[in-house]
Amino acid sequence: MATHLSYGRVNLNVLREAVRRELREFLDKCAGSKAIVWDEYLTGPFGLIAQYSLLKEHEVEKMFTLKGSRLPAADVKNIIFVVRPRLELMDIISENVLSEDRRGPARDFHILFVPRRSLLCEQRLKDLGVLGSFIHREEYSLDLIPFDGDLLSMESEGAFKECYLESDQTSLYHAAKGLMTLQALYGTIPQIFGKGECARQVANMMIRMKREFTGSQNSIFPVFDNLLLLDRNVDLLTPLATQLTYEGLIDEIYGIQNSYVKLPPEKFAPKKQGDGGKDLPTEAKKLQLNSAEELYAEIRDKNFNAVGSVLSKKAKVISAAFEERHNAKTVGEIKQFVSQLPHMQAARGSLANHTSIAELIKDVTTSEDFFDKLTVEQEFMSGIDTDKVNSYIEDCIAQKHPLIKVLRLVCLQSVCNSGLKQKVLDYYKREILQTYGYEHILTLHNLEKTGLLKPQTGGRNTYPTIRKTLRLWMDDVNEQNPTDISYVYSGYAPLSVRLAQLLSRPGWRSIEEVLRILPGPHFEERQPLPTGLQKKRQPGENRVTLIFFLGGVTFAEIAALRFLSQLEDGGTEYVIATTKLINGASWIESLMEKPF
Amino acid sequence: MDCYTANWNPLGDSAFYRKYELYSMDWDLKEELRDCLVAAAPYGGPIALLRNPGRKEKPASARPVLEIYSASGVPLASLLWKSGPMVSLGWSAEEELLCVQEDGVVLVYGLHGDFRRHFSMGNEVLQNRVLDARIFHTEFGSGVAILTGAHRFTLSANVGDLKLRRMPEVPGLQSAPSCWTTVCQDRVAHILLAVGPDLYLLDHAACSAVIPPGLAPGVSSFLQMAVSFTYRHLALFTDTGYIWMGTASLKEKLCEFNCNIRAPPKQMVWCSRPRSKERAVVVGWERRLMVVGDAPEGIQYKQLTIQVLLDRLVLRRLYPLAIQICEYLRLPEVQGVSRILAHWACYKVQQKDVSDEDVARAINQKLGDTPGVSYSDIAARAYGCGRTELAIKLLEYEPRSGEQVPLLLKMKRSKLALSKAIESGDTDLVFTVLLHLKNELNRGDFFMTLRNQPMALSLYRQFCKHQELETLKDLYNQDDNHQELGSFHIRASYAAEERIEGRVAALQTAADAFYKAKNEFAAKATEDQMRLLRLQRRLEDELGGRFLDLSLHDTVTTLILSGQNKRAEQLARDFRIPDKRLWWLKLTALADLEDWEELEKFSKSKKSPIGYLPFVEICMKQHNKYEAKKYASRVGPEQKVKALLLVGDVAQAADVAIEHRSEAEMSLVLSHCTGATDGATADKIQRARAQAQKK
């Protein structure tokens, strides 16, 4: 089923199977035919766990989206609401239940909270007079969802905003719970490292939860050697920069949602059949992107400039393979050729898709504006002219480019200058308010509260120190055959990943000074193991580090970590976990406030 | 040989029977059992008797007495029944005595006659009274089924997790069914009832008529029915003296028998080994006993598991014996010793003569961190005995906040509960405590409590943001958080106000707050916004069209587009729009209008602060090469090549590039040499390049 989850050092299919089992068990508790009413936000993440076929096997006959007033008619015995524990959803559910009660034959109602049951929500259901209507009220602890063989995400959309803007730790609690689930399946993680306020809290919760479970000794041999918890606000810079890997650019331009991307259909029109071009498909082309697809696995993490050559090489290999048919003379040879056909056809389809996507991306990356924007970003990141009003940003505002783009650039400049001079900051803010509307003062306040945008205080710009110590800017970047993680941004090495790299070798003690400049505490905790479970590493065997980004991670950072995992003398392989897969645009958008 | 067969009597032709006393009961009963309500727990558990269960008002002296005996008749407890009239008695699987009263209240007692709790079977039962009640056992626990005076059934399949189900009406049922029972199919409890010649099966959704296969004709009423302990088999006794035995699913008949006794039996029960093929029913009348089946065999097989055995020992307070058994059987701690220790602790907390400190210490010493021990359960028991302080001390040992907090709340230690909830990081738990506190404390105290708990405060703010906006304002006010108050009023100016006056007033409040917060920028920006709003309103009045809620930039653009250049200029001046942006704005607006004349006039009004390349670009965007060329000539040297290429003048672009001796520009021009006529130009560049390299 999901073989791409099991190719890595840690078999994440084990986790997927565990959550699938939990789902099946719940469904079987509600005997008889059922309809599921979905909290719309959950359908994407659930799709990665269970296709409709699994639900169907367990007598799920209908599926609806949770909406106000009445439920659509369904002749089923059970109605199951699958929802996040949110008060506004409870109000809708109660509307549904009450109108159903008036309708006639009684049904069994159930409610499945994802990822956690909530007393607050149950109280609300009680106040609305429907709590007693539910036969089963349970939780489905779907905290970490496997996205790929080395990637887990909670897909909690508001995590960064909640943690850093609203001081709401709910998602951190879920993260800690998710880590406990992982440890139950993959063994206790002996060492925990962390940097940042949220990282500290998650580690504290984990230690506390471990005490709660003293009863059941975990006797699984540990798969992970250590855990690195990183706050997103330790590195606010990286997501602001435009990602330049293939996957990163797809996400920047089209947005990848739960491993699916929707693309403009024109490029994917069937070319061969008849008089093509007359009736172009109008519905977006939806493609799933993960390492189950061989070609995608090969190119996703490359710098986009290195993708073209791979695609053309692949094209030659494939057409050569098809040419082989002329050499097949004997029946045996023909048979052999035919047996390989399905694989070859799949490869050809995959190549055609990615060639089309690459063309779409190239249209963007070769545009003048993309070039100008990138130039400005790179100037900022390498420390050039960060302390004055930038004329490209000014022009973007004057031409009313999308506000998110402008905010992203202004924040990038602010972060690369440890805050903007008051005069510069006020100028940008005033320009933005006048051009895009005064209501955006709320968004600007949010950005200031999270530290993305700020006045320079104390008059010292610490970014150059950080940049130099961590070697964040590399002039001699090799995009084709990279030697350093900086290839993912064509020069800029993501700070977060640099921290992970330095932790692995030579250790954080070498960068104490920088760690003190970056926000939040850094720490190390040990979780003692019984002697029988202590690992004796074979010479040359790599360590496995689980790195958890609290507040989101970008595809370019993931690519950089995969690059480190693949280094022959790297010594560490990474499994990546995050509260949400983000890019600069989705991240800034989550912090925007639109009062009307 | 004689002596062995002496007490056997013949029964029919081929069988013999004998009678002897199996066990002599230790009890000394004054009443006849037939005058009592009796309930015996399964597996040799205790027996409960209610003497004198008369229903009507009686003098206190004649109040009924509830007695509990062990299976061998040793008295365990006796208490005067002071509650309401009782309809039915029964033991739960946990050996708790369930006493069903006429008003639908169920009182729960322990094995030693200790009152545990009570619950009600619902309003409908209260109104219509209980006519009949049954206590039954399923794999989920023990349930109660009620037949009310209105001839409706209500049941709860598990009294441990009370969910009441009111069963649907039986059509045409005017009087009580002649007999009924609970059956369990597909893990769901149903009711089987007999009305005249018909049988009905009630589940929570429907009432369906059922017919036992192979039932003899002529039945006009069912007098008794019995379901086997495992719910697999069913026996029916009819008014014709006929007995039908089959599966409870009513799919299969096992056997039938006609006994020719038409009197309703007092009792009918199944007696057979669960897995044995020999199935039998015992039917009893006043002075007659009959066994019906393929081959009678009458001793109940004991299905006690070790766990149940241990539970029974614990209930009888035989802790050391239970622990010895655990150790002997090497049971894992969680299932064995620690569970028994927990029970011991629950008993210990009831010893009122020992001080709180001593009890807590003794318990902690013995239990320590033994896995599987729930300190909160023990604390709950202590609290149940009125020992709140002891409960709090015990809760300190509880590592699971999810268990700790609800109990602290129940004991009204909400502030302690709050700090424990915060420690856990479980925000849902924190919310729960907060809502509790909110109801418990007056507003001032509540706010004070929040003030000391920043994490709780921020959570509560989020709650208010979505649920109670006014409270949010009060919270900010209390903390003198003027910055947030400002934002609050900005939001209100959009959400709560429709009239311009209202919106402006809200903005004024916001601006005042920003001043107090020393955020001069925000204050000034908000004042600008007020100014703009008023002006937009005036524009709408004077010019028509929509201006409200446009940004300043778009307002100026709209004015230009509607030919109001003077007003646009004025507005730009009033709000000090920087020159560069104003040029971009006008350029874009005039090009949109395709007012080329005005654009040219504008371009000549003074030296462009944004250069002339944007003019070229925007004209080309509107496909006006003629106009674009006008501006291309005015573009400064740095962007000249770009401008010339834009208007398609490759040859001149080449000349400029060569003149500049710029390699970058030359290759840019080369890349544009695609047309058939560009050959000469390309050659020219190549020559220039070659020359440059020579030098």
B:Tyr231 on the phi > 0 side of the Ramachandran plot and among the aromatic types (Phe, Trp, Tyr): yes
Hits in region A:471-492 - residues which are crowded, with 17+ Cβ neighbours inside 10 Å and hydroxyl-bearing (Ser, Thr, Tyr): A:Ser486, A:Tyr487, A:Tyr489, A:Ser490, A:Tyr492
Flag if B:Arg451 is free of Cβ contacts under 8 Å to residues at least 60 places away in the same chain and more than 12 Å from chain A (Cβ to nearest Cβ): yes
Tally, over region A:57-68, of residues that are farther than 22 Å from A:Leu142 by Cα and assigned to a loop (DSSP other than H, G, I, E, B): 2
Subset of region A:190-210 (residues that are open to solvent by 40 Å² or more (accessible area, probe 1.4 Å) and more than 14 Å from A:Leu529 (Cα to Cα)): A:Glu197, A:Arg200, A:Gln201, A:Asn204
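Mind checking which residues of region B:593-611 are open to solvent by 30 Å² or more (accessible area, probe 1.4 Å) and either in contact with a Ser or Thr (Cβ under 7 Å, 6 or more places away or on another chain) or in a loop (DSSP other than H, G, I, E, B) (or both)?
B:Glu594, B:Asp595, B:Lys606, B:Lys607, B:Pro609
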Of residues in region B:326-346 being under 33 Å from the mean Cα position of the chain (by Cα), open to solvent by 40 Å² or more (accessible area, probe 1.4 Å) and not hydrophobic (A, V, I, L, M, F, W, C), the one farthest from B:Gly110 (Cα to Cα): B:Pro332
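Would it be correct to say that B:Tyr17 is surrounded by fewer than 19 Cβ atoms within 10 Å (Cβ to Cβ) and more than 27 Å from B:Arg312 (Cα to Cα)?
Here the answer is yes, as B:Tyr17 does meet what is asked.
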Within region B:114-150, tally of residues that are over 27 Å from the mean Cα position of the chain (by Cα) and part of a strand (DSSP E or B): 11
Within region A:377-413, considering residues that are within 14 Å of chain B (Cβ to nearest Cβ) and polar (S, T, N, Q), the one surrounded by the most Cβ atoms within 10 Å (Cβ to Cβ): A:Asn390
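Scan region A:344-352 and give yes if some residue there is farther than 22 Å from A:Lys267 by Cβ, open to solvent by less than 40 Å² (accessible area, probe 1.4 Å) and more than 14 Å from chain B (Cβ to nearest Cβ), otherwise no.
Yes, there is a match, as at least one residue in region A:344-352 is farther than 22 Å from A:Lys267 by Cβ, open to solvent by less than 40 Å² (accessible area, probe 1.4 Å) and more than 14 Å from chain B (Cβ to nearest Cβ).
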Residue satisfying all of: in region B:546-556; facing chain A (nearest Cβ under 9 Å) and in a loop (DSSP other than H, G, I, E, B); farthest from B:Ile577 (Cα to Cα) among these: B:Asp549
Any chance B:Leu590 is more than 14 Å from every other protein chain (Cβ to nearest Cβ), under 21 Å from A:Glu394 (Cβ atoms) and either in a helix (DSSP H, G or I) or hydrophobic (A, V, I, L, M, F, W, C) (or both): yes
Leading residue by the ranking (surrounded by the most Cβ atoms within 10 Å (Cβ to Cβ)) among those in region B:178-202 that are within 14 Å of chain A (Cβ to nearest Cβ) and at pLDDT 85 or above: B:Leu202
Wholly within region A:69-147, strands (runs of 3 or more DSSP E) carrying at least 1 residues that are away from every other protein chain (no Cβ under 14 Å) and either of a type outside the set (D, E, K, R) or surrounded by fewer than 17 Cβ atoms within 10 Å (Cβ to Cβ) (or both): A:78-83, A:108-113
Single residue of B:Leu131, B:Leu155, B:Leu126, B:Leu162 found to be within 14 Å of chain A (Cβ to nearest Cβ), open to solvent by 40 Å² or more (accessible area, probe 1.4 Å) and aliphatic (A, V, I, L, M): B:Leu162
Check on A:Glu323, within 30 Å of the chain's Cα centre (by Cα) and charged (D, E, K, R): no
Cross-chain or 6+ apart pairs with Cβ under 9 Å, region A:502-519 first and at pLDDT below 95, then open to solvent by 70 Å² or more (accessible area, probe 1.4 Å) and among the basic types (Lys, Arg): A:Ser504/A:Arg543
Hits in region B:167-201 - residues which are touching a strand residue (DSSP E or B) at 6+ places or on another chain (Cβ under 7 Å) and among the hydroxyl-bearing types (Ser, Thr, Tyr): B:Ser178, B:Thr181, B:Thr182, B:Tyr200
Hey, B:Trp583 at pLDDT 95 or above and among the hydrophobic types (A, V, I, L, M, F, W, C) or not: yes
Every residue from region A:1-38 that is in a loop (DSSP other than H, G, I, E, B) and over 25 Å from the mean Cα position of the chain (by Cα): A:Cys30, A:Ala31, A:Gly32, A:Ser33
Neighbours by Cβ (under 8 Å, 6+ apart or cross-chain): first from region A:394-416, among the hydroxyl-bearing types (Ser, Thr, Tyr); second open to solvent by 10 Å² or more (accessible area, probe 1.4 Å): A:Ser414/A:Lys454
Qualifying residue in region A:378-401 (condition: part of a loop (DSSP other than H, G, I, E, B), on the phi > 0 side of the Ramachandran plot and under 30 Å from the mean Cα position of the chain (by Cα)): yes
Residue in region B:533-542 that is nearest to the chain's Cα centre (by Cα), counting only those that are of a type in the set (A, V, I, L, M) and either more than 11 Å from chain A (Cβ to nearest Cβ) or buried (at least 21 other Cβ atoms within 10 Å of the Cβ) (or both): B:Leu535
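Yes or no, residue by residue, for (1) surrounded by fewer than 17 Cβ atoms within 10 Å (Cβ to Cβ); (2) at the interface with chain A (Cβ under 9 Å from one of its Cβ atoms); (3) closer than 30 Å to B:Gln478 by Cβ:
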residue: B:Ala511; (1), (2), (3): no, no, yes
residue: B:Lys518; (1), (2), (3): yes, no, yes
residue: B:Arg531; (1), (2), (3): yes, no, no
residue: B:Gly544; (1), (2), (3): yes, no, no
residue: B:Leu559; (1), (2), (3): no, no, no
residue: B:Asn565; (1), (2), (3): yes, no, no
Some residue of region B:585-602 being among the hydrophobic types (A, V, I, L, M, F, W, C) and closer than 30 Å to B:Ile490 by Cα: yes
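Listed here are the residues, each with its yes/no results for (1) of a type outside the set (S, T, N, Q); (2) crowded, with 20+ Cβ neighbours inside 10 Å; (3) under 26 Å from B:Pro578 (Cβ atoms).
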site	(1), (2), (3)
B:Glu638	yes, no, yes
B:Ser671	no, no, no
B:Thr677	no, no, no
B:Ala682	yes, no, no
B:Lys694	yes, no, no
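Give me a count of the residues in region B:156-181 that are in a strand (DSSP E or B) and hydrophobic (A, V, I, L, M, F, W, C).
We begin by selecting, within region B:156-181, every residue in a strand (DSSP E or B); these are B:156, B:165-166, B:179-181.
Keeping just the survivors that are hydrophobic (A, V, I, L, M, F, W, C) gives B:179-180.
Summing the residues that are in a strand (DSSP E or B) and hydrophobic (A, V, I, L, M, F, W, C) in region B:156-181 gives 2.
The values are calculated or read from the model by the stated rules, or taken from the named source; none is laboratory data. Computed from a prediction, not measured in an experiment: that's the story for all the values here. Reconstructed Cβ throughout: ideal geometry from the backbone, glycine too, with neighbour counts over all protein chains shown. Surface areas here come from the heavy atoms of the whole protein model, side chains and all, with no ligands, DNA or RNA. Shrake-Rupley method; radii C 1.70, N 1.55, O 1.52, S 1.80 Å.
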